[in-house]
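> Encoded as structure tokens, here's the structure I'll be asking about.
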Amino acid sequence: MTDADDALDPALREEALESLLLERGLVDTATIETFIRTYETAVGPMNGAKVVAKAWTDPDYKQRLLVDGTAAIAELGFKGPQGEHMVVLENTPSVHNVVVCTLCSCYPWPVLGLPPSWYKDPAYRSRVVREPRAVLREWGTDLGPDVEVRVHDSSSEVRYLVLPERPAGTESLSEEDLAALVTRDAMVGVTKVAAP
Ligand code: FE
């Protein structure tokens, strides 16, 4: 996509695309409505947050998640397009993972929903590879020089989910309360999960 394409009104582009698909009989209105409703209400970062909270509270689940992300995520019922090959990356005090798609906007839909605009922004996609520490600092994520930063480029196949560090002081929280702390941005790896 070029900058000129980006300048077109997204609503106009969407309308044109939808008309074309309908006209050619490739989709019907009901399918489009169902798709939009699904990604507005049923699929989003709340799914990924449940995965993270379970991993924080169930060491066996965490192990399964790190070995086979796709299968462990499916245990919670989350699967579907753009989630067929999930790899989960664990953040620790010494390693910080952050995810990008340098080519386009590949994103793990079943656990995070549709990608935010900043994730699709050419600036994020190029800069996080070139100067990850500077980009993370702009997100308020200041990593010490002793922390290794790993940038993961989503390929045409693999989608990543970052398993953030469980914040200190959350020992007494339930899985549900923990899930409420987990943000989309932390699961992409641009931020950490803050203590309540
Ligand atoms: Fe992509």
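> Restricting to the range 138-184, name every residue that is under 14 Å from the mean Cα position of the chain (by Cα), open to solvent by 30 Å² or more (accessible area, probe 1.4 Å) and of a type outside the set (Ser, Thr, Tyr).
Selection gives 151, 152, 153, 158, 184.
> I'd like to check something: does the range 22-35 contain any residue that is buried (at least 16 other Cβ atoms within 10 Å of the Cβ), away from the ligand (no atom under 16 Å from the Cβ) and farther than 22 Å from residue 185 by Cα?
No, there is no match, as no residue in the range 22-35 is buried (at least 16 other Cβ atoms within 10 Å of the Cβ), away from the ligand (no atom under 16 Å from the Cβ) and farther than 22 Å from residue 185 by Cα.
> Can you pull out the helices (runs of 4 or more DSSP H) entirely within the range 115-159 that have at least 1 residues that are of a type in the set (Val, Ile, Thr) and farther than 28 Å from residue 40 by Cβ?
Details: elements: 117-120, 122-130, 132-138.
Result: 122-130, 132-138.
> Among the candidates 54, 50, 79, which residue alone is part of a loop (DSSP other than H, G, I, E, B) and open to solvent by 10 Å² or more (accessible area, probe 1.4 Å)? First the steps, then the outcome.
Numbers: 54 fails: part of a loop (DSSP other than H, G, I, E, B); 50 fails: part of a loop (DSSP other than H, G, I, E, B).
Among 54, 50, 79, only 79 is part of a loop (DSSP other than H, G, I, E, B) and open to solvent by 10 Å² or more (accessible area, probe 1.4 Å).
> Let me ask another. Do we have any residue at all in the range 143-154 that's aliphatic (A, V, I, L, M) and within 16 Å of the ligand (Cβ to nearest atom)?
Of the residues in the range 143-154, the ones aliphatic (A, V, I, L, M) are 143, 147, 149, 151.
Filter once more, so that each one left must be within 16 Å of the ligand (Cβ to nearest atom): 151.
Yes, that holds for at least one residue.
> If you check every pair at least six apart or on different chains, which have Cβ atoms under 6 Å apart with a residue in the range 72-99 that is farther than 30 Å from residue 36 by Cβ first and a residue that is among the small types (Gly, Ala, Ser) second?
97/189
> May I pose another question? If we keep just the residues of the range 77-90 that are of a type outside the set (A, V, I, L, M, F, W, C) and more than 16 Å from the ligand (Cβ to nearest atom), which is modelled with the highest pLDDT? Give the derivation first.
Taking the range 77-90 as the starting set, the residues that turn out to be of a type outside the set (A, V, I, L, M, F, W, C) are 77, 79-85, 90.
Right, trim to more than 16 Å from the ligand (Cβ to nearest atom) and you get 77, 79-80, 90.
Details: 77: 95, 79: 93, 80: 89, 90: 98.
That would be 90.
> Let me ask something else. Return the total of residues in the range 91-126 being more than 14 Å from the ligand (Cβ to nearest atom) and open to solvent by 60 Å² or more (accessible area, probe 1.4 Å).
3
The values are calculated or read from the model by the stated rules, or taken from the named source; none is laboratory data. Just so it is clear, the model here is predicted, and its values are computed rather than measured. So basically every Cβ, Gly included, is an ideal-geometry build from the backbone, and we count neighbours across all protein chains shown. Quick note on the areas: whole protein, heavy atoms, side chains included, nothing else; ligands and nucleic acids left out. Shrake-Rupley method; radii C 1.70, N 1.55, O 1.52, S 1.80 Å.
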